[in-house]
Amino acid sequence: MINVTVEELEKVVSTIDEALGLHAKWRETLERSLACRLPPPEASMTEDAHLKCAFGHWFYSKGNAHLRNLPAFIKIGKLHQSMHDSARTLCIKSKALGSVAVDDYDLFLGELSTFKEELLSLQRRVSYTLKNIDPLTGAFKQPKLLPDLREVQQRLKESTTPYSLLLMDIDLKTINKNHGRNIGDKVLRSTIMGVREVLSAGDKIYR
């Protein structure tokens with residue numbers, strides 16, 4: 001989730017918490033109407049219901065267009081819409097027939113569960129990023145270096161596999177002084193991106 005600001009990541013975490021609570025209440029209302037044969041919620045019967053719930057308002061806002069292009073968010077969006085589509089099917093059949101088929105209800109429950117699991121998985125990844133990843137460069141933060149290094153040293157020592165540690169010192173103080181902080185940030189980002197391109201899959205880079 002590089003190129004996503006800390007503020008945006010924090011908003012993702014809080015929005016997921018809110019979405020989980022609101023969708024739990026939405027499910028309770030929907031199931032109550034089905035079990036008690038009450039008129040189904042009108043808000044769940046529209047084709048754009050996924051756009052109108054609180055999560056949908058946030059997810060499909062103009063400010064989140066760049067987030068919706070990320071693979072994790074694309075998957076979330078598809079699951080969210082599919083879940084609301086299944087709920088609409090239940091509501092329409094309940095209103096017309098007075099009951100719903102077991103297969104339709106099981107499909108809805110399965111999609112609701114998958115959506116919840118995917119939200120929680122995304123929340124864990126975002127929380128990990130906030131805690132361990134430098135938002136400017138996408139590299140791991142410095143405090144993570146020594147614990148990871150000790151772990152790798154122990155593991156590779158036991159397997160007698162060779163390993164290496166490369167230290168790079170960029171004179172950002174001089175760059176910032178002569179060219180400005182924005183240029184210094186660009187130099188740092190481009191340097192780390194260049195190093196990352198030549199690393200193997202299991203290699204890590206820290207700021």
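List the pair-distance distribution P(r) of the chain, using every Cα-Cα distance, as the percent of pairs falling in each 10 Å bin from 0 up to the bin containing the longest distance, rounded to whole percents.
Histogramming the chain at 10 Å steps yields 7, 25, 23, 18, 13, 9, 4, 0 percent.
For the chain, what is the calculated [θ] at 222 nm in deg cm²/dmol (nearest 500), taking -39500 (n - 2.57) for each run of four or more DSSP H residues and dividing by its residue count?
That comes out to -22500 deg cm²/dmol.
Express in whole angstrom the spacing between the alpha-carbon centres of the stretch 174-192 and the stretch 148-169.
So the two Cα centres are separated by 30 Å.
Under a 1.4 angstrom probe, counting protein chains only, how are Arg27, Arg124 ranked by accessible area, largest first?
Largest accessible area first, the residues go Arg124, Arg27.
Got a number for the accessible area of Met168? Probe 1.4 Å, square angstrom, nearest 10.
For Met168, solvent-accessible area is about 110 Å².
How high is the relative contact order of the stretch 64-207, in percent, counting Cα pairs under 8 Å that sit 6 or more residues apart?
Reported as a whole number, the value is 22 percent.
Grab the other residues whose beta carbon is less than 15 angstrom from that of Thr129, score K and R as +1, D and E as -1, and report the net.
Net of charged neighbours comes to +4.
Relative to the longest principal axis of the chain, what angle (0 to 90°, nearest 10) does the C-alpha long axis of helix 6-35 take?
With both axes taken from Cα atoms, the answer is about 20 degrees.
Return the carbon/sulfur percentage of the accessible area of the chain, one whole number, probe 1.4 Å, all protein chains in place.
56
Please compare each pair in Lys52/Lys144; Lys78/Lys186; Lys11/Lys157; Lys75/Lys204; Lys75/Lys131; Lys62/Lys173 to a cut-off of 30 Å on the Cα-Cα distance and tell me which ones are over it.
Distance filter (> 30 Å) returns Lys52/Lys144; Lys78/Lys186; Lys11/Lys157; Lys62/Lys173.
Magnitude of the Cβ-charge dipole of the chain, K/R +1 and D/E -1, about the Cα centre, nearest 20 debye?
That gives the chain a dipole magnitude of about 560 debye.
Please calculate the 1.4 Å probe accessible area of Tyr206, with all protein chains present, and give it to the nearest 10 Å².
Looks like 60 Å² after rounding.
Does anyone have the angle between helix 102-132 and the longest principal axis of the chain? Alpha-carbon axes, 0 to 90°, nearest 10?
Once rounded, one gets 20 degrees.
Could you tell me how far the Cα centroid of the stretch 1-55 sits from the Cα centroid of the stretch 83-120, in Å?
Taking the Cα centre of each part, the stretch 83-120 and the stretch 1-55 sit 14 Å apart.
Probe radius 1.4 Å, ligands and nucleic acids left out: which of His66, His84 has the largest accessible area, and how do the rest follow?
The most accessible residue leads, giving His66, His84.
Could you give me the ³J(HN,Hα) list for the stretch 159-171, computed from phi with Karplus coefficients 6.51, -1.76, 1.60 and θ = phi - 60°, whole Hz, x at Gly and Pro?
Running phi through 6.51 cos²θ - 1.76 cosθ + 1.60 with θ = phi - 60° gives 9, 6, 7, x, 8, 9, 10, 10, 9, 10, 10, 9, 7 Hz.
Give me Rg over Rh for the stretch 90-162, both radii from the alpha carbons and Rh done the Kirkwood way, two decimal places.
So for the stretch 90-162, dividing Rg by the Kirkwood Rh gives 1.40.
Among Ile76, Ile183, what's the order by accessible area (1.4 angstrom probe), most exposed first?
Ile183, Ile76
The values are calculated or read from the model by the stated rules, or taken from the named source; none is laboratory data. All of these numbers come straight from a predicted model, not from anything done at the bench. Please note: Cβ atoms are built from the backbone with ideal geometry, for glycine as well, and neighbour counts cover all protein chains shown. SASA here: full protein model, heavy atoms, side chains in, ligands and nucleic acids out. Shrake-Rupley method; radii C 1.70, N 1.55, O 1.52, S 1.80 Å.
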